[in-house]
Every structure is written in C-alpha cells, then in structure tokens.
Amino acid sequence: MQINNTTEFRPKIVAFCCNWCSYAGADLAGNNRLSYPADIKIIRVPCSCRVNPTFILRAFQRGADGVILCGCHPGDCHYTSGNYYTRRRMTLLFSMMNYLGIEKERTRVEWVSAAEGAKFAAVMQDFAQTVAALGESKRLEDLRCKQ
Amino acid sequence: MQRIGVFVCWCGSNIAATVDVQRVADAVRSEPGVVFSVDYQYMCSQAGQSMIVDAVKEHQLTGLVICSCSPRMHESTFRKTAQLAGINPYMVEIANIREQCSWVHKDIFIGTQKAITLAKAAIAKVNLNTPLTSGESKVTKRALVIGGGIAGIQSALDIADAGFPVDLVEKEATIGGKMAQLDKTFPTLDCAACILTPKMVDVAQHENIRIISHAQVEEVGGFVGNFHVKIRKKARFVDESICTGCGLCTEKCPQKKVPNAFNLNMDHHRAIYIPFAQAVPKVAIIDPDYCSMLKNGKCGVCAKVCSVGAIDYQQKDEIIEEDYGAIVTATGYNPISLEKYDEYAYSLSKDVITSLEFERLTNAAGPTQGHLIRPSDGKQPHTIVFVQCVGSRCAANAEKGKEYCSKICCMYTAKHAMLVRDKYPDTEVYVFYIDVRTPGKSFDEFYRRAVEEYGVHYIKGMVGKVIPEGNTLKVQASDLLMNKQLHIDADLVVLAAAIEPDRSARPLATMLTASMDTNDFFTEAHPKLRPVESPTAGIFLSGTCQGPKDIPETVSQASAAAAKVIGLLCKNTLKGNPCVAVSDEMMCNGCSSCANVCPYGAITYESKEFRMPDRTTRMRRVAKVNPAVCQGCGCCTVACPSGAMDLDGFKNQQIMAEVDAICK
C-alpha cells in the first residue's frame, strides 16, 4: 500500500466515551454507517466521571490536538449522578485551559445518548473541524515523550 | 512482562473491506509485549475461537487483544474463550475496529491507520491488565412487575407460574390498563373484556402474585439480583382486606358529579366508586378531591351503609419495602394530548373525539351502553370521518407530534369503521390516511374486508381543517389520488391520536438507571438480539413502554421478559462485576471525599493500625470499598485527592497508557 503523502494537517483527537450512552451512540453511528473523521479515537470509560482531568492534560502533553468527553444526558447517567460531577469538574478545568495556553475550543463536553448515533457523528464532525482549524497544539507537548 | 496475542477479525467483509487486516496484524507485531498476531475471517466463530485457544497454549499467552466488533457485542464471547484457554477473562481487551472504524471510514488507508492505532491502544492497556475475579452475590427470588396492564399481567402470570413470588404494582385502583377500556380487538373482533378479565382473575387468585394497586414506586436501590424497592401504596380510604366489593356505597354516596376517568370523563361516578364492574381488586375507592367527608368532615354516608365496616377515613399512605431479584417495567402508553391540534377542533366541539373515547362509546359497558351517539346532543351520527396519524409520523423538526408511527392506529381504525358499518349500515364512513400499514398476521385481510365487504371509504390524504358549524362538522380534506379538495359534512370526527409512553416512565427510568430514547421509550440492550432487556442488568421491558405495539406483540414480549426473569431467578448466585474501585490504604488519608461522591454508599471507613518508620504503631482511618455494592463508575477515583482510589479494569495507568498510544 502506498503512503498518502499529503501535507494536510490531521489533528489527533482523543474522545472519552462512557460505556452506557456515548460509546453505544458511537456504535449506533457505526451501525448506521454515519461517517465522521478518523482523527477521532475513542477510549471507553465506564462513566464520564471516571475521566480524571489529568487524563486530559496528559493527552495534550503527549501531543493531542483536542480532547472531547462524552457522557449520558444529565439525569440519565447509568450511575445516577456521575455526569453531574463530570460537568462540574470539566467546567472548572476548561475555565483554566486558556491560562495553560491551550485554546478552550480544543476541549469539549457533549451529552450523547445510546440512541443518538446521528448526533454522535455530527458532534465529532464539528469538533474535528474546530480542532483542525486551530491547528497543532504544541503548548503542553512534552518533547521527551517523542521518540 | 505480558505475552500478548493479537487477533484481527475480518468480520467477513465488514471490516476487511475498509481495513487492511493483514497490515494491522503485521504492524502490531513489534509492539511491546506482543508475541503473536494473526488475522482470520470470523474470530467469533467456533474455528476462530479454537484458533485463539490453540494460540494461547502454543505461545503461552497471558493477554489477548481482539480487533473486532464493539465490545458491547462480543466482549463476553471472547472472555469466555479466554477462560476456556485457561487465562483470566479480564486479560482480554477489544479494539473496536468495526463500529468505530471500518463502518464509519470509507478510505482504506485512513481506516487501516486508525485500526492500527486502536489496536496499539488496546495492547498498551492489556500490558497493564491484572487478573480479576468477580465476587458473588445472592439472588433474591422475587420479581417486581411495574404496571398492571396486559403486559404486566402476562409477565406476572408467567413468572408466578414458574414458582417465583411476584409483586404487581399498579398506579390505578385496578389492574387491566388500556386493554380493559377497549371494546373489540383486531383482527378477530373478540371483545377485549372477554379475553382480559379471566386473566385479571387469574392474577388475583394466583398464590404467588400480590397486587399492590393504587401505588407507585418511590425509590429503587441495589443492583441485579438484589434490588431494594420502596413502594408508596396510596390511601384509598377503604380497607382492602375487608371490602367485599358489593357496591352499595357507590350507589348511596350523595356526591354524583365526579368525572369518570375510566370512561375518559364522558360520564360521572360517585365520590366512592369501583372503577368498573370487573375491577381487580374489586374494592371501592374514595376520591379525596370530591368526598365531602374527607374535605370538610360532613357526610359519612358510605361508612353508614357499609355492612362490613370497611370505610376508613383516617387511612394513610403506606410504604412497602421489599427486596427483588428482577424488575419488569410495563408502564404502557397514553394517547397524546390533542391541545395543540385545534385544526381538528378537538377542544372546540364535543363531537370531535379520540379513538380511545370512541372505544368507550361503542363499548357495551361504556357511558352509552354501546349505543354510538354524538356526545353533544345524543343523536345517532350518519356521517363519520376518521382521521389517521394525528400526531404520528411528523417531521423531525415539526413543533408538535411524534416522529414515529404509532403502529396500532391503522388497524383499530379499520376495526372502528367496520364495527360502525356492521351495527349501523346506513352510516357513511370515511377514513383519511397517509399510508395503511397492516403487516401483522391476518391484518391485511382484515383491512381489505373493511374496504371491500363493509364499503368503508378509504381516502388517501390528510384532513386540513374541521370547522364546527351548527350541528355539523365541516371537514376540509384533500384526496391525493384524485387530486381534488373534499368538503364533507360530518356528524362525528374520530382522531387516531399518536401514542406516547406514560408520564410515569421517565421518573421510573431515572430511579432504575435504565436508559430511554428521545421519545421516552425504554431502550433495549440490543435492538435485535436482546429486545426485552434493558442495558441495565436485572431490568426487563414488557409492552408499549419499549415502543408502540399491539396486543399480540405485547403479550409475546411480556412472556419473553418473563422467561428472562425466570432464567435470572433460577440462579442462586450471580457473578458480580469485578471492575470495582479499590483503595490503596497506604495512600489513603481518610478524608471522605470518595464516600461523598459515591452514589451507592459502597465506601465505608475503618480504623487500621499502621507501623511507622520509627517502629511505633499508629491508628489511621482508611477507606474500604464494598465490592458487592460498588458498581464501578469510578467517580471516587477522580474525587480522591491523594490518588489512593483506583478502578480495577480501568486503572489510571491503563487509561493513560491508552491516551499515550493514541497520541503517539
């Protein structure tokens, strides 16, 4: 196979998806063959509240250009209240993103239910576009991590 | 160091068409820990699985990465395979290269690149996996059925027949639900009461079933096999254990102007009443909003006439607490409110009615003893217009109505039209439809009979407006096939209102942590393969709370749900989820941050003696997780300020390893 040598910028995006809603929503997008950019790589977590803010900072440190966190709609959390904690934690973290030198738009929290395959694809399209427009994120990147 | 085997599945052409599977298998071979990698057509097949077992034995593998479909699909399959091969089932990780790769990316180069990254992330995770064993929990051999319509009745009967005790909770004063209100049922035209009421009696007489009527679920705790439920049984002001249902009180009560909800407020009953003749339990109930004794302490007629002394004005709500192993939701449906449908003049004219009201009008036990008359003047209608899809199949962005098809309207409208033509052959009957959908057994034959034998006028097109003018209803409609406007002077207009889940379903779903779709129907664990289970373990779905369906479908789903419940209750113990939180007591400082965020109260504290470097001992308060109660959300791991709390199966290190692999 030939390697495609285009100079087009492909962002690296980490998507944390909760097992019960958003990961299932992503599966539904797949079932319905709803395309979204391949730059999105999904990490499955049991609940959005499992995502420690350090995971997000770690991603930026290791060269991610955007991080999106998806969970069940408020009130629908499989664990009753997990996404409420997510909402508060991320509001706090994101409010400090600009201070860290990372554009706030590189981070996002979205609520995607298991029935919202179309929404998942649309959100990912939009997020990937936003991140691609911002270009590479270098502020936190730790060069020691690069081989 | 782990010895990892990577197995890349083609899934026929599902994956192989957009991902170069061989390249994936080659690319991961040099990853740390990987000692073996291979691709195969169908990993989940018998041959694929034995290939995994053989590879484990041949290469002494300690961890497996399966690059295949979603873990929601086959994770449990491959965990069993791992167990078969003699390694811990939790040493398996799935890289989802179908739903989240090959099916959404068209370009083979991009798809392959992503699949490699996903596989590398899974490998990075497996490198840090540790064997986990699940704890066991006992199963409470008792089921709760929420909703006493035909769905709940059937589920309760089937579970009870298998020998397990069942509690059937119903929010109304009697079980029976919507089916009890119907007149005849399609496509056989047997009367609903004749087939339903014997079942209701069966429920009442079954030794394993307890009916908790006029009650609502207030609180649900616990997990599969061990739910703890609080039920509020509302005061009915009549002692259920004494009342014989003789009905004398319901004749003597002086308050006669209480709208009869069972007849959809088309007539009245007394303040003390029995919902209908065949009610189960057949016990009177007092409406506290109308009873003058309860409102201002004057009257007491019912207490005087009751020969057994069952009336109890002081009765209070009762809280019933019980443990259950499984819960069936059968909360049913309601027709939508037609407030926003003024073009059909529903709120302007009494002679514009819903189909459910029509059922009561033609029912021999209804407000008119089955005589079809106009609600406004009591005259027999000569021209009846039925309008289908009122609020069903609306555009997604429409300001009112539902996007889905309500499924039952085509058939019951055909039934109504047929019944009218049968009873009153001189009546002209028009049915306006978008499409006629009759996919059930003997359904299309039934519909064709309405058209061909009974001469019902079926017109493709929608009614634009209904204008009440004097005694008639001017119906403006379009005939799409003839391409012309129609003006019909109707005496009665019947609207086939869309059906929606009962309002009690949403708060119930929140209590059960069962997921719902955007229309408030319960979602099933898998739309095709697990249609009667909720994704939340131990919750089963029965009837229209899962989606619109007719009676035969409801009954079959109810029995299917019952079969699943029986399968669960037959087990003595259940294997729990081993992915639970664990606290490192050396790092824990006992601050309670974790216990404060735990939704299950799974974290307790204990004082423990620790040896200090200077050889003295010190007592310290440390967190302790109860693995039987912990559900593994991981909220505490983030709340913990000292980093003592971690989640097995999704450890901080593991997730960070995945992040690193993706960002490389």
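FYI, it's all coordinate maths here, none of it is from the lab. Keep in mind it's a predicted model, so treat the numbers as computed, not measured. Virtual Cβ from ideal backbone geometry, glycine too; neighbours counted across all protein chains shown.
Assorted remarks:
- Viscosity 1.002 mPa s, 20 °C: Kirkwood-radius Stokes-Einstein D of the protein assembly as shown over Cα pairs, µm²/s: 71 µm²/s
- If the Kirkwood radius is taken over C-alpha pairs of the range B:147-273, then at 20 °C and 1.002 mPa s the Stokes-Einstein diffusion coefficient equals 129 µm²/s.
- Helix runs (DSSP H) in chain B reaching 18 Å along axis by Cα, Kyte-Doolittle at least 0.5: B:108-126, B:192-205, B:551-569
- Pairs of Cα atoms nearer than 8 Å and 6+ residues apart set the relative contact order; for the range B:4-126 it is 33 percent.
- The range B:245-290 versus the range B:331-382: alpha-carbon centroid distance in Å: 21 Å
- Percentage relative contact order, chain B, counting C-alpha pairs under 8 Å, at least six apart: 13 percent
- Averaging the sequence gap over all C-alpha pairs within less than 8 Å and six or more residues apart, then dividing by the number of residues, gives the range B:581-648 a relative contact order of 47 percent.
- A Förster radius of 30 Å combined with the Cβ-Cβ distance from A:Leu140 to A:Arg88 puts the calculated FRET efficiency at roughly 0.85.
- Checking the Cα-Cα distances for B:Lys230/B:Lys316; B:Lys80/B:Lys575; B:Lys57/B:Lys114; B:Lys233/B:Lys282; A:Lys41/B:Lys120 against a 21 Å cut-off, the pairs over it are B:Lys57/B:Lys114.
- Cross-link partners of B:Lys350 among lysines (Cα-Cα below 18 Å; sequence separation of 8 or more within a chain): B:Lys340, B:Lys379, B:Lys465, B:Lys474
- Column: log10 I(q)/I(0), Debye, Cα scatterers of the range B:248-305, q = 0.22 Å⁻¹: -0.84
- Taken over the range B:497-630, the ratio of Cα radius of gyration to 2.2 N^0.38 Å equals 1.57.
- Based on DSSP H segments of at least four residues, each scored -39500 (n - 2.57), the protein assembly as shown has a per-residue ellipticity at 222 nm of -8500 deg cm²/dmol.
- Per-residue mean of C-beta atoms belonging to partner chains within 10 Å, peptide A:47-54: 6
- Residue by residue along A:55-65, Cβ atoms of other protein chains within 10 Å of the local Cβ number 4 on average.
- Of B:Val56, B:Val104, B:Ala115, farthest towards positive along the dipole that unit charges on Lys, Arg, Asp, Glu beta carbons give the range B:4-126: B:Val104
- Toward the positive end of the charge dipole of the range B:248-305, with +1 on the Cβ of Lys and Arg and -1 on the Cβ of Asp and Glu, the farthest Cα among B:Leu294, B:Asn260, B:Phe276 is that of B:Leu294.
- Placing unit charges on each Cβ (+1 for Lys and Arg, -1 for Asp and Glu) gives the range B:64-157 a dipole about its Cα centre, and among B:Ala143, B:Ile66, B:Asn127 the Cα reaching farthest toward its positive end belongs to B:Ala143.
- Reachable aspartates and glutamates from B:Lys528, criterion Cα separation under 18 angstrom, eight or more residues apart if same chain: A:Asp27, A:Glu116, B:Glu75, B:Glu99, B:Asp517, B:Glu553
- B:Gln205/B:His526 FRET efficiency (R0 22 Å; Cβ-Cβ; nearest 0.05): 0.05
- Residues of the range B:264-293 with amide N under 19 Å of a point placed 7 Å along Cα→Cβ from B:Asp317: B:285-291
- Estimated FRET transfer efficiency when R0 is 30 angstrom, pair B:Ala396-B:Asp479 (beta carbons, to 0.05): 0.65
- With both residues required to sit in the protein assembly as shown, DSSP beta bridges show an antiparallel share near 45%.
- A simple charge model with +1 on the Cβ of Lys and Arg, -1 on the Cβ of Asp and Glu and nothing else charged puts the dipole of chain B at about 920 debye relative to its Cα centre.
- Within 10 Å of each Cβ in A:16-24, the average number of Cβ atoms from other chains: 4
- Aspartates and glutamates whose Cα lies under 17 Å from that of B:Lys624, excluding same-chain neighbours fewer than 8 positions away: B:Asp584, B:Glu585, B:Glu606, B:Glu609, B:Asp646, B:Asp648
- Lysine pair number, Cα distance threshold 25 Å (strictly under), the range B:137-207, separation 8 or more or different chains: 6
- A Stokes-Einstein calculation at 10 °C with viscosity 1.306 mPa s, built on the Kirkwood radius of chain B over Cα pairs, returns a diffusion coefficient of 54 µm²/s.
- More than 21 angstrom apart: percent of Cα pairs within the range A:13-137: 33 percent
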